[in-house]
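Visitor: Dropping the structure in here first, questions after.
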Amino acid sequence: MDTYAYRGEFVLLHHLEIYVSNLEESAKFWGWFLERLGYEPFQKWESGISWKCENTYLVFVQTQEKYLEIPYHRCRVGLNHLAFHAHSKEQVDDISNELLKKGINILYADRHPYAGGEHHYALYFEDPDRIKVELVAP
């Protein structure tokens, strides 16, 4: 199988766009988390906002009222979760502590930080729309 490269680099994800039920609430949640990982504010308009890290950016857009009837669930067809690289185990621990201070539940708390297995040091939690987020230590 061929590996395609662009300008001598592997082709990475360009952007990911996620529709949310409450843009203001999601922007507050995601802005805090993404900026802790090194993302920077990138774009902002009436119905959306994005953060960028190097060549990849994440976009959050307010879902129109007519589409809010059926809420998101990660076990339906579509996105299950987003996993991010942490800089260190210490960063996983720091963000875990910050989430608890903010009143945000850690998923699989009884097995945290090894809920993914004995060699997988990670944090699992949910955003305001219950999209699962994973932060994985190197």
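A quick yes/no check of all residues on (1) over 17 Å from Trp32 (Cα atoms); (2) among the polar types (S, T, N, Q); (3) without any contact (Cβ under 8 Å) to a residue 40 or more places away in the chain; (4) touching a Ser or Thr at 6+ places or on another chain (Cβ under 9 Å):
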{"site": "Lys52", "(1), (2), (3), (4)": "no, no, yes, no"}
{"site": "Thr63", "(1), (2), (3), (4)": "yes, yes, no, yes"}
{"site": "Leu79", "(1), (2), (3), (4)": "yes, no, no, no"}
{"site": "Ser88", "(1), (2), (3), (4)": "yes, yes, no, no"}
{"site": "Asn97", "(1), (2), (3), (4)": "no, yes, yes, no"}
{"site": "His112", "(1), (2), (3), (4)": "yes, no, yes, yes"}
{"site": "Gly116", "(1), (2), (3), (4)": "yes, no, yes, no"}
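Visitor: Quick one: is Ile49 among the aliphatic types (A, V, I, L, M) and loosely packed, with under 13 Cβ neighbours inside 10 Å?
Guide: For Ile49, the condition - among the aliphatic types (A, V, I, L, M) and loosely packed, with under 13 Cβ neighbours inside 10 Å - is not met.
So that you can scan it fast, the table gives a plain yes or no per residue for (1) surrounded by 13 or more Cβ atoms within 10 Å (Cβ to Cβ); (2) on the phi > 0 side of the Ramachandran plot:
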position: Phe60; (1), (2): yes, no
position: Tyr72; (1), (2): yes, no
position: Ala83; (1), (2): yes, no
position: Gly103; (1), (2): no, yes
position: Asp110; (1), (2): no, no
position: Ala115; (1), (2): yes, no
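Visitor: Taking the range 42-59, which residues are touching a Phe, Trp or Tyr at 6+ places or on another chain (Cβ under 6 Å) and not β-branched (Val, Ile, Thr)? Break it down into steps so the answer makes sense when it comes.
Guide: The initial filter retains those residues of the range 42-59 that are touching a Phe, Trp or Tyr at 6+ places or on another chain (Cβ under 6 Å), namely 42, 49-53, 57-58.
Phe42, Ser50, Trp51, Lys52, Cys53, Tyr57, Leu58 - these are the residues of the range 42-59 that are touching a Phe, Trp or Tyr at 6+ places or on another chain (Cβ under 6 Å) and not β-branched (Val, Ile, Thr).
Visitor: Next question, about the same structure. Tell me, which strands (runs of 3 or more DSSP E) lie completely within the range 1-118 with 3 or more residues that are closer than 20 Å to Arg130 by Cα?
Guide: 15-20, 48-53, 56-62, 81-85
Values in this text are rule-based calculations from the coordinates and carry no lab data. As the structure is a prediction and not an experimental result, all values here were calculated from the model. Backbone-built Cβ (ideal geometry, glycine too); neighbour counts: all protein chains shown.
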